[in-house]
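Structure first, commentary second.
Every number here is computed from the coordinates shown, using simple stated rules; none is lab data. Bear in mind that the values here come from a model prediction, so they are computed numbers and not experimental data. We place every Cβ from the backbone using ideal geometry, glycine too, and count neighbours over all the protein chains shown.
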Amino acid sequence: MTNSVVIIGAGFAGLGAAIRLRQNGIEDFVIVERDSAVGGTWRDNTYPGAACDIPSLLYSFSFAQNPDWPQGYSGSHDILGYIEWMVEKFDLRRFIQFNTEVTALSFDEAAGVWSIATAEGKTFTSVSVIMAQGPLSNASLPPIRGLDTYTGKTIHSARWDHDYDPTGKRVAVIGTGASAVQIIPELVKTAAQVKVFQRTPGWVLPRLQYHTPEWNKRLYRQFPFTQSVARKGVFWAHEFMALGLVWPTAMTTALQGLSRLQLRRQVKDQWMRRQLTPRFTAGCKRLLVTNDYYPALAKENCKLITWPIATLCPNGIRTADGIEHHVDAIVFATGFDVCKTGTPFPVTGLNGRSLGEEWSTGAYAYKSTSVAGYPNLYLTFGPNSGPGHNSALVYMEAQIDYAVRAIRTLNRWNLKYLDVRDDAQRRFNEGIQQRLAKTTCNSGCRSWYLTDDGFNATMYPGFATQYLKQMAELHHPDYHAVQKATQ
Ligand SMILES: Cc1cc2nc3c(=O)[nH]c(=O)nc-3n(C[C@H](O)[C@H](O)[C@H](O)COP(=O)(O)OP(=O)(O)OC[C@H]3O[C@@H](n4cnc5c(N)ncnc54)[C@H](O)[C@@H]3O)c2cc1C
């Protein structure tokens with residue numbers, strides 16, 4: 001049976017797409033999920049302290065608002081609860097094929113359908129495909145020498161082993177990014193010693209956390225428009241931050257000043273402050289939002305190590321100064337294998353063209369969702385859709401609605417396929433790259449936003465409002481619309 005749509009992945013993007021398809025009367029779709037549960041990022045990242053850096057009012061879908069968020073910024077447990085609530089509320093479970101991993105996509109031009117191969121040997125066919133396999137779903141270990149010689153416990157932040165008790169243990173944490181700054185304050189509470197191996201310090205801003213009072217939840221429940229208004233307020237506050245985080249401006253200097261102030265207040269040791277002061281423009285790498293990280297580092301049982309790691313050895317970690325740090329466990333808070341070049345699995349389009357080959361030096365697309373030569377294929381979190389200052393879900397919602405609009409157009413006009421024009425895609429990307437050149441994320445630091453040779457295939461160079469405007473229109477002249485053959 002040929003489905004109207006196959007969605008790859010049951011994280012926020014895949015489930016959001018399913019909800020919007022259903023709300024638009026499209027029911028013949030399947031969600032293919034390689035794991036045995038929904039939730040994606042928030043199913044996998046359950047490390048101690050795991051939480052979102054964006055307030056829940058905005059890190060949630062506008063079409064599925066939750067009046068009961070217990071606090072401003074939610075932990076992974078509450079976010080996963082929200083995702084599971086959505087699955088039940090919108091009756092999505094019956095559309096999901098769990099334990100099914102997509103291994104290849106190929107488009108049959110004559111039939112106008114995609115063939116979706118899976119590791120389990122099942123094949124699905126569909127007119128359209130929504131790729132929602134997530135940008136950060138594959139945990140990555142750094143290429144450190146001696147990785148397999150270490151004999152103690154190893155844990156990746158995205159695959160936390162809850163059976164391991166760090167109480168009284170000597171623990172090393174490699175990495176000082178967004179996950180590490182959440183894990184370290186939890187570890188120092190019980191571990192005998194925590195050694196933090198830092199390569200580059202990041203800019204840290206305070207988190208304005210609060211507990212939602214009962215009256216507030218009642219208000220949102222009884223008058224849902226009040227929650228929409230609050231959401232808008234949080235949205236515009238983040239849009240304002242773009243002025244300092246997306247482009248290097250006087251506000252960037254002010255944000256860096258605020259971060260330095262937090263560092264001065266929370267870390268008394270001058271030498272340590274020096275080690276923790278970033279040497280790049282704020283916004284060039286992901287901003288860290290926490291009140292607990294610096295106080296944790298300043299604790300007696302915590303030590304910041306800034307010497308580069310030379311190798312792992314059977315008992316721990318040897319740094320470039322020749323010191324061997326003996327530890328019982330190593331936590332890798334080293335992030336994800338982000339697909340900036342190539343594709344996570346082979347994708348074959350018109351005339352046998354391979355998306356992996358076309359993206360071998362960096363991914364690009366039209367409006368981050370369509371790629372010329374790959375008809376009826378829609379990406380979520382595609383090239384240049386990353387926000388540095390706002391909620392990923394705001395962008396995701398726009399991508400989902402764009403895909404649903406295209407799928408409805410296909411049905412309404414009884415088309416075989418829609419394929420974005422090469423020239424429209426080229427023009428679009430020239431504009432994106434020109435705009436990126438003026439942004440903080442292209443200001444010279446090394447980050448996971450860039451490929452090894454400095455191509456930015458990740459970030460969107462503007463306000464979320466500009467992104468939403470770009471996605472609000474399916475500009476028909478930018479697409480080849482191929483009619484079904486008449487009999
Ligand atoms: C720890 C962490 C914290 C984050 N915090 C924030 C934040 O504060 N603010 C913000 O805006 N964004 C944040 N993000 C980024 C983003 O919002 C989340 O990653 C978001 O959950 C992405 O949703 P997704 O559905 O695109 O991908 P995912 O949640 O990764 O879901 C993808 C799903 O696809 C499945 N899948 C993958 N490959 C295949 C395959 N081949 N076949 C079948 N299924 C497959 C996976 O198992 C997974 O279930 C964070 C990300 C991480 C990892």
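Quick notes on this one:
- Pairs with C-alpha atoms separated by more than 25 Å, drawn from the list Lys122/Lys153; Lys122/Lys367; Lys232/Lys438; Lys438/Lys469; Lys89/Lys484; Lys89/Lys122, are Lys122/Lys153; Lys122/Lys367; Lys232/Lys438; Lys89/Lys484; Lys89/Lys122.
- Computed lengthening from Glu120 to Asp337, 0.36 nm per intervening residue step minus Cα-Cα distance: 75.8 nm
- Note on the stretch 404-487: along the principal axes its Cα atoms extend 58, 27, 20 Å, ordered by decreasing extent.
- Paramagnetic label reach from Lys299 (point 7 Å along Cα→Cβ; backbone nitrogen cut-off under 15 Å): within the stretch 20-54, residues 48-50.
- Cα pair count fraction exceeding 36 Å, expressed as % - the chain: 33 percent
- For a label point 7 Å along the Cα-to-beta-carbon line of Tyr210, residues of the stretch 67-90 with backbone N under 19 Å: 67-75
- At least 20 Å along the helix axis (C-alpha) and Kyte average at least -1.0, DSSP helices within the chain: 224-245, 250-266, 392-412
- The stretch 185-227 and the stretch 246-271: distance between their alpha carbon centers, rounded to Å: 20 Å
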